[in-house]
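See structure below.
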Amino acid sequence: MIDLTGRDFLSSLDFTPEEVRGLLAFARDIKSGRVRPNLAGKVASLLFFNPSVRTRVSCESAMARFGGAGITLNPGKDTWNFECGEGVVMDQNTQEHVRELAPVLSRMGHLVGIRKSELITVGLDKAAVSSSYAELAKDEFLHRFAEFAEVPVINLESNRWHPLQGLADALTLQEKLGEPRGKKYVLTWTWHPKSLPVATPHSQLLAACDLGMDVTLLHPQGWGLEPEVVRRARARAESQGGRLSETHDSDAALKGAVVVCAKEWGSLDYYGRFEEEQRAKEPLRARWMVDATKMHSTDDALFLHCLPVRRNVVVSDAVLNSTRSAVIDEAENRLWTAAAVFGALAGG
Ligand code: CP
């Protein structure tokens, strides 16, 4: 049983590929009923600044099933508004600083989870009005909170990372493929009317790389992921005997793929220039939905998507309803991987 007692999980890079494997083994053991994470009597405070179905329910369910409790807070709705800036004169609409909030929640519980992404709330298009992507990618609130917390802090999706989604994808890949190492995995951009955040594809990319897969990142020109994340993911893939290539050529990417993971995300190149992005994106709509024709050009690939998904925009009904779609298993694995993370960080 892996012991990561006291560690934070703020980024998909916080654990080594070996530690990730340990967490996945723990999740498999929990799922099969061989072991139980030691969460009895433990409390997780779960701060959701943004909407959620899977993350919220998987976290609350993981705590409840193993004898603990998850307490969900919706900051600004059923709590005070929180501040994290240093030296801020709090005479506007924030009432509590993380310097107090983090230690207080630490004294009352054993774990804290935080979902906070300005990019989820307003999109890559409008966020730029007040902040650059580089500024938002610092995930300042999350890191400031962790600085003052006395218990492990878990990222439930920030501007840059969605590490629990990455772990659930990795568990699904192991279950479906046996040994994923060397097998061809394609993470494909898909068209979407909004400019969605890059946190989830960042963590999905890293998950496949950590498993040593033959990873292809497929997207139209102008819709690449953050170059530093791609660089780190490539290094992790190579350290595990895999590789990562990037292409705009859909036919070449899909040929021989055993997994197609679809994800929609906004352009960092067009960041803050939403109308320009919309104009550039419109001609891509028809070609960048995952449909049966695309799946037929793979090696009978499994289809993954983190959900929620817009049917017949991101992926066709035929693909989503097919026996090769693993999206429900992928979502279920959010539960088992959350239980593993909570158990490992909270002391076994
Ligand atoms: N995949 C995912 O994080 O789902 P929710 O946004 O519903 O939590």
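So which residues in the range 51-97 are of a type in the set (A, V, I, L, M) and more than 16 Å from the ligand (Cβ to nearest atom)?
If the condition is that a residue be of a type in the set (A, V, I, L, M) and more than 16 Å from the ligand (Cβ to nearest atom), then 64, 69, 71, 88, 89, 90 are the ones that fit.
So, in the range 321-337, how many residues would count as being open to solvent by 20 Å² or more (accessible area, probe 1.4 Å), within 16 Å of the ligand (Cβ to nearest atom) and farther than 14 Å from residue 65 by Cβ?
Total satisfying the criteria: 4.
Using the structure shown, decide if residue 340 is open to solvent by 10 Å² or more (accessible area, probe 1.4 Å) and either part of a helix (DSSP H, G or I) or within 12 Å of the ligand (Cβ to nearest atom) (or both).
It is false that residue 340 is open to solvent by 10 Å² or more (accessible area, probe 1.4 Å) and either part of a helix (DSSP H, G or I) or within 12 Å of the ligand (Cβ to nearest atom) (or both).
Please go through the range 282-310 and pick out each residue that is open to solvent by 50 Å² or more (accessible area, probe 1.4 Å) and at positive phi.
Scanning the range 282-310 gives a single hit, 300.
Among the residues that make up the range 284-302, is at least one of them of a type outside the set (A, V, I, L, M) and within 16 Å of the ligand (Cβ to nearest atom)?
No; the residues of the range 284-302 include none that is of a type outside the set (A, V, I, L, M) and within 16 Å of the ligand (Cβ to nearest atom).
For residue 100, all conditions in the list (1) open to solvent by 40 Å² or more (accessible area, probe 1.4 Å); (2) within 16 Å of the ligand (Cβ to nearest atom); (3) in a helix (DSSP H, G or I) hold save one; what is the number of the exception?
(2)
Return the only residue of 218, 244 being aliphatic (A, V, I, L, M) and open to solvent by 10 Å² or more (accessible area, probe 1.4 Å).
244
Give just the number: which of (1) of a type in the set (Ser, Thr, Tyr); (2) out of contact with any helix residue (DSSP H, G or I) (no Cβ under 8 Å at 6 or more places or on another chain); (3) at pLDDT below 95 does residue 323 not satisfy?
Looking at each condition in turn, residue 323 falls short on (3).
What is the residue count in the range 128-186 for residues that are in a loop (DSSP other than H, G, I, E, B), free of Cβ contacts under 8 Å to residues at least 24 places away in the same chain and not basic (Lys, Arg)?
4
Among the residues that make up the range 16-29, is at least one of them more than 13 Å from the ligand (Cβ to nearest atom), touching a strand residue (DSSP E or B) at 6+ places or on another chain (Cβ under 7 Å) and not basic (Lys, Arg)?
No; the residues of the range 16-29 include none that is more than 13 Å from the ligand (Cβ to nearest atom), touching a strand residue (DSSP E or B) at 6+ places or on another chain (Cβ under 7 Å) and not basic (Lys, Arg).
For the structure I just gave you, tell me whether residue 262 is in a helix (DSSP H, G or I) and either within 16 Å of the ligand (Cβ to nearest atom) or open to solvent by less than 10 Å² (accessible area, probe 1.4 Å) (or both).
Spelling it out, it is not the case that residue 262 is in a helix (DSSP H, G or I) and either within 16 Å of the ligand (Cβ to nearest atom) or open to solvent by less than 10 Å² (accessible area, probe 1.4 Å) (or both).
The values are calculated or read from the model by the stated rules, or taken from the named source; none is laboratory data. No experiment lies behind these values; they were computed from the predicted model shown. Neighbour counts run over all protein chains shown; Cβ positions are idealised from the backbone, glycine included. Note: areas computed on protein heavy atoms with side chains; ligands, DNA, RNA excluded. Shrake-Rupley method; radii C 1.70, N 1.55, O 1.52, S 1.80 Å.
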